[in-house]
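**Q** Would you mind keeping the following structure in view while I ask a few things?
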Amino acid sequence: MPSLTADATRLLGRSDAVAFLARLETSLLDIVEPLEIVYGDVPLDALVGVALAAAADRPAGLRDLDRRREIDAHWYQRARQVGYVCYADRFAGSLRAVADNLDYLDELGVTYLHLMPLLKPRAGENDGGYAVQDYRAVDPRLGTMDDLTELAGDLRGRGISLCVDLVLNHTAMEHPWAVGWRAGDPAYAHFYLSFPDRELPDAYERTIVPVFPDRAPGSFTRFDDRWVWTTFWSYQWDLNWANPAVFRAMLETILWLANRGVDVFRLDAVPFMWKRLGTTCMNQPEVHRIVQALRALVRLAAPGVIFKAEAIVAPDDLVPYLGGHDRYRPECELAYHNQLMVMLWSSLATRDARLMSQSLSRMRPIPAGASWVTYVRGHDDIGWAISEPDAAAVGWDWWNHRNFLNAFFSGRFAGSYAHGALFQENPDTGDARISGTAASLCGITGDPASWPLGVRRMLLLYAVAFGFGGIPLIYMGDELAMRNDDGYLDDPALADDNRWMHRPHLDRAAMARRTDPDTLEGMVFGGLRRLIAARKDLLALRAGGETAVVGVDNKHVFAWRRRHPRSGTFVGLANFSEQPQTVGAAPIGHYGWLETVLSSDGPLVVREGRAQLPGLGFVWLAER
């Protein structure tokens with residue numbers, strides 16, 4: 001400590017050195033314990049030195065941000081936080097063009113911008129940008145790292161946080177680490193996982209569930225007379241996280257990007273990082289230890305930076321990524337509430353909220369310092385994460401229900417209004433997932449006759465996502481009710497991946513109609529702005545509070561309650577049927593006098609002890 005104190009004071013100045021050393025003291029357990037468990041004896045001085053060097057290189061504006069966020073440690077939990085998710089090129093064309101369109105995000109009320117994969121990918125097929133060739137360069141089609149740094153500064157000036165994807169499980173086979181490893185460079189020895197024959201790969205694959213069974217079966221690819229571990233695609237090589245040198249290299253990468261102005265790192269494919277024979281090689285205990293140590297070390301140099309887990313896993317496996325273990329261990333501050341998203345679509349298709357109530361009420365609470373990221377739609381396909389016990393609890397067969405949802409949202413089910421498509425259909429098992437924009441899955445077409453119900457469906461889903469607590473996300477184009485785009489079929493590099501149908505370019509003509517309430521775009525854009533405006537004033541919707549399912553006597557209606565330690569009670573009601581429904585008012589009245597703060601159809605009406613909900617209607621009630 002004496003030598004570290006001297007180095008910190010020399011590099012940071014006395015005041016910042018005191019802060020750095022205080023952070024080290026409070027984080028030491030989260031650094032030393034997990035690294036010793038995973039790696040044994042670790043070079044702690046070297047890792048702290050990496051963080052100290054990054055702290056010394058941190059620009060003054062980011063140091064100021066760190067100071068504010070250390071005082072307001074849960075800044076990301078505020079009710080005013082609203083996210084927007086987009087591809088930079090499909091939103092505006094380039095990073096500089098994104099900067100030119102920030103007024104649009106301000107108008108919508110966005111405070112958190114997630115730009116989809118923008119780090120330099122390999123040429124040709126690259127898994128939508130997730131096969132990264134260089135973590136320290138931007139996709140040249142979008143601009144340069146200087147452009148990203150400048151955009152981050154522009155966002156910071158508007159109070160908008162920047163989220164960027166960081167792929168932890170693998171790199172492109174062209175990444176310098178992979179090139180050096182393949183060439184036998186000692187600096188990259190054991191950076192990747194490979195085997196001389198099929199004995200161990202075959203043993204691992206007995207319990208591994210393939211990610212892309214039809215186009216990339218198996219988890220290993222033959223290169224140079226060796227079998228390289230490739231969980232996703234053959235050109236994405238899995239890193240060997242059992243090698244502490246990989247840990248250090250990724251720490252240096254994260255801190256370098258943090259000093260370019262990245263506020264939130266979306267840790268992509270994080271559940272797959274650790275491999276263990278006889279398991280699915282997902283969600284292993286070492287993954288959580290590694291993320292815990294990474295977070296603590298990053299916090300030393302950049303305490304204003306947070307992590308978001310891209311862990312689309314079963315609910316019981318998801319909560320630990322937010323630190324929810326038997327004994328709290330801080331990991332990611334944010335994680336996607338995949339279960340809520342799946343249940344929203346399930347309830348919409350069935351007009352039945354019982355499975356939603358069952359599955360969400362069974363989820364474990366998350367630590368107070370963590371937050372869900374709630375969403376209706378994302379860039380990926382929708383996989384039906386429905387457990388057998390939850391389905392059985394409401395009298396359904398989980399496999400048949402998954403098949404029904406695929407049939408319904410692909411338009412194959414009689415009477416379906418949806419216009420999605422099956423993704424990765426497995427003819428052997430019948431399993432599949434769903435592609436399609438939110439608007440198309442809600443039944444919105446070019447025919448104005450489809451708009452009234454389609455818009456109500458969309459706004460109903462977003463009303464639940466915005467009222468559930470956490471950071472709600474708007475996926476680009478949803479605010480304009482953009483529909484499936486078949487233009488991807490004209491691009492040979494994209495044509496065999498129908499997920500691109502829900503990744504359209506932002507329609508500038510549609511954007512121009514957003515302020516006209518008589519247009520489709522105006523209805524949805526205006527509806528989302530009302531949700532955002534109402535949410536800002538509701539302390540109960542600040543993350544860090546409690547969300548609980550409220551039992552009601554109507555299967556078509558989902559009811560939930562929010563309560564923050566410093567707020568009154570919030571209750572939301574959502575009717576997933578096209579027909580008007582009623583619920584007994586007693587469970588709601590139990591919470592005291594609640595006023596309507598936002599609804600689809602005016603103040604809540606109660607007649608003869610029953611609350612009246614129009615078809616596909618919602619209401620937010622709050623204790624003032």
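**Q** Would it be correct to say that Met523 is among the aliphatic types (A, V, I, L, M), open to solvent by less than 30 Å² (accessible area, probe 1.4 Å) and over 30 Å from Gly609 (Cβ atoms)?
**A** Criteria not met by Met523.
**Q** Which residues, counting only those in segment 315-341, are farther than 24 Å from Gly304 by Cβ and open to solvent by 20 Å² or more (accessible area, probe 1.4 Å)?
**A** Hits for segment 315-341 are Pro315, Asp316, Asp317, His325, Asp326, Arg327.
**Q** Being without any contact (Cβ under 8 Å) to a residue 40 or more places away in the chain and open to solvent by less than 30 Å² (accessible area, probe 1.4 Å), is that true of even one residue in segment 150-168?
**A** no
**Q** While we're on this one: For segment 9-47, which positions are in contact with an Asp or Glu (Cβ under 9 Å, 6 or more places away or on another chain) and part of a loop (DSSP other than H, G, I, E, B)?
**A** Val42
For every residue, the table says whether it meets (1) under 21 Å from the mean Cα position of the chain (by Cα); (2) in contact (Cβ under 8 Å) with a residue 40 or more places away in the chain; (3) crowded, with 21+ Cβ neighbours inside 10 Å.
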{"residue": "Leu441", "(1), (2), (3)": "yes, yes, yes"}
{"residue": "Trp451", "(1), (2), (3)": "no, yes, no"}
{"residue": "Gly454", "(1), (2), (3)": "no, no, yes"}
{"residue": "Ala463", "(1), (2), (3)": "yes, yes, yes"}
{"residue": "Gly470", "(1), (2), (3)": "yes, yes, yes"}
{"residue": "Gly477", "(1), (2), (3)": "yes, yes, yes"}
{"residue": "Leu489", "(1), (2), (3)": "no, no, no"}
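**Q** To continue, here is another question. What's the number of the condition Leu200 fails, among (1) in contact (Cβ under 8 Å) with a residue 12 or more places away in the chain; (2) in a helix (DSSP H, G or I); (3) more than 28 Å from Thr280 (Cβ to Cβ)?
**A** (3)
**Q** Yes or no: Arg483 under 30 Å from Ala533 (Cα atoms), in contact (Cβ under 8 Å) with a residue 40 or more places away in the chain, buried (at least 20 other Cβ atoms within 10 Å of the Cβ) and more than 24 Å from the chain's Cα centre (by Cα)?
**A** Considered against the rule, which asks whether it is under 30 Å from Ala533 (Cα atoms), in contact (Cβ under 8 Å) with a residue 40 or more places away in the chain, buried (at least 20 other Cβ atoms within 10 Å of the Cβ) and more than 24 Å from the chain's Cα centre (by Cα), Arg483 comes out as no.
**Q** Sticking with this one: For segment 590-604, check the following and say yes or no: at least one residue is free of Cβ contacts under 8 Å to residues at least 40 places away in the same chain, touching a Lys or Arg at 6+ places or on another chain (Cβ under 6 Å), assigned to a strand (DSSP E or B) and farther than 13 Å from Val464 by Cα.
**A** yes
**Q** Just checking, how many residues over segment 539-587 are in a loop (DSSP other than H, G, I, E, B), of a type outside the set (Phe, Trp, Tyr) and over 18 Å from Ala368 (Cβ atoms)?
**A** Final tally of qualifying residues: 13.
**Q** Quickly run through segment 312-331 and pick out the residues that are under 14 Å from Ser359 (Cβ atoms), free of Cβ contacts under 8 Å to residues at least 60 places away in the same chain and among the small types (Gly, Ala, Ser).
**A** none
**Q** Report yes if some residue within segment 259-269 is assigned to a helix (DSSP H, G or I) and either buried (at least 18 other Cβ atoms within 10 Å of the Cβ) or not hydroxyl-bearing (Ser, Thr, Tyr) (or both); otherwise report no.
**A** The answer is no, given that none of the residues of segment 259-269 is assigned to a helix (DSSP H, G or I) and either buried (at least 18 other Cβ atoms within 10 Å of the Cβ) or not hydroxyl-bearing (Ser, Thr, Tyr) (or both).
**Q** Right, Asp428: within 24 Å of the chain's Cα centre (by Cα) and either among the acidic types (Asp, Glu) or open to solvent by less than 10 Å² (accessible area, probe 1.4 Å) (or both) or not?
**A** no
**Q** Got a sec? Which of Leu148, Leu102 is within 21 Å of Leu267 (Cβ to Cβ) and not hydroxyl-bearing (Ser, Thr, Tyr)?
**A** Checking each option against the conditions leaves just Leu148.
**Q** Give me the helices (runs of 4 or more DSSP H) completely within segment 63-144, filtered to those with at least 3 residues that are modelled with pLDDT of 95 or more, open to solvent by 20 Å² or more (accessible area, probe 1.4 Å) and farther than 30 Å from Gly369 by Cα, ordered by residue number.
**A** Fully inside segment 63-144 and qualifying: 95-100.
Quick grid of which residues meet (1) within 25 Å of Asp165 (Cβ to Cβ); (2) buried (at least 23 other Cβ atoms within 10 Å of the Cβ); (3) in contact with a helix residue (DSSP H, G or I) (Cβ under 7 Å, 6 or more places away or on another chain):
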residue: Asp380; (1), (2), (3): yes, no, yes
residue: Asp397; (1), (2), (3): no, no, yes
residue: Gly411; (1), (2), (3): no, no, no
residue: Gly420; (1), (2), (3): yes, yes, yes
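Per-residue answers, yes or no, for (1) of a type in the set (A, V, I, L, M, F, W, C); (2) modelled with pLDDT of 95 or more; (3) in contact with a Leu (Cβ under 6 Å, 6 or more places away or on another chain):
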residue	(1), (2), (3)
Ala493	yes, no, no
Asp497	no, no, no
His502	no, yes, no
Asp518	no, yes, no
Gly527	no, yes, yes
Ile532	yes, yes, no
Gly545	no, no, no
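**Q** Out of Asp518, Asp553, which single residue is surrounded by fewer than 20 Cβ atoms within 10 Å (Cβ to Cβ), of a type outside the set (Phe, Trp, Tyr) and in contact with a Gly (Cβ under 6 Å, 6 or more places away or on another chain)?
**A** Being surrounded by fewer than 20 Cβ atoms within 10 Å (Cβ to Cβ), of a type outside the set (Phe, Trp, Tyr) and in contact with a Gly (Cβ under 6 Å, 6 or more places away or on another chain) holds for just one of Asp518, Asp553, which is Asp553.
The values are calculated or read from the model by the stated rules, or taken from the named source; none is laboratory data. Note that this is a predicted model, so its numbers are computed, not measured. Glycine also receives a Cβ, built like all others from the backbone with ideal geometry; neighbour counts cover every protein chain displayed. With ligands, DNA and RNA removed, areas are computed over all heavy atoms of the protein, side chains included. Shrake-Rupley method; radii C 1.70, N 1.55, O 1.52, S 1.80 Å.
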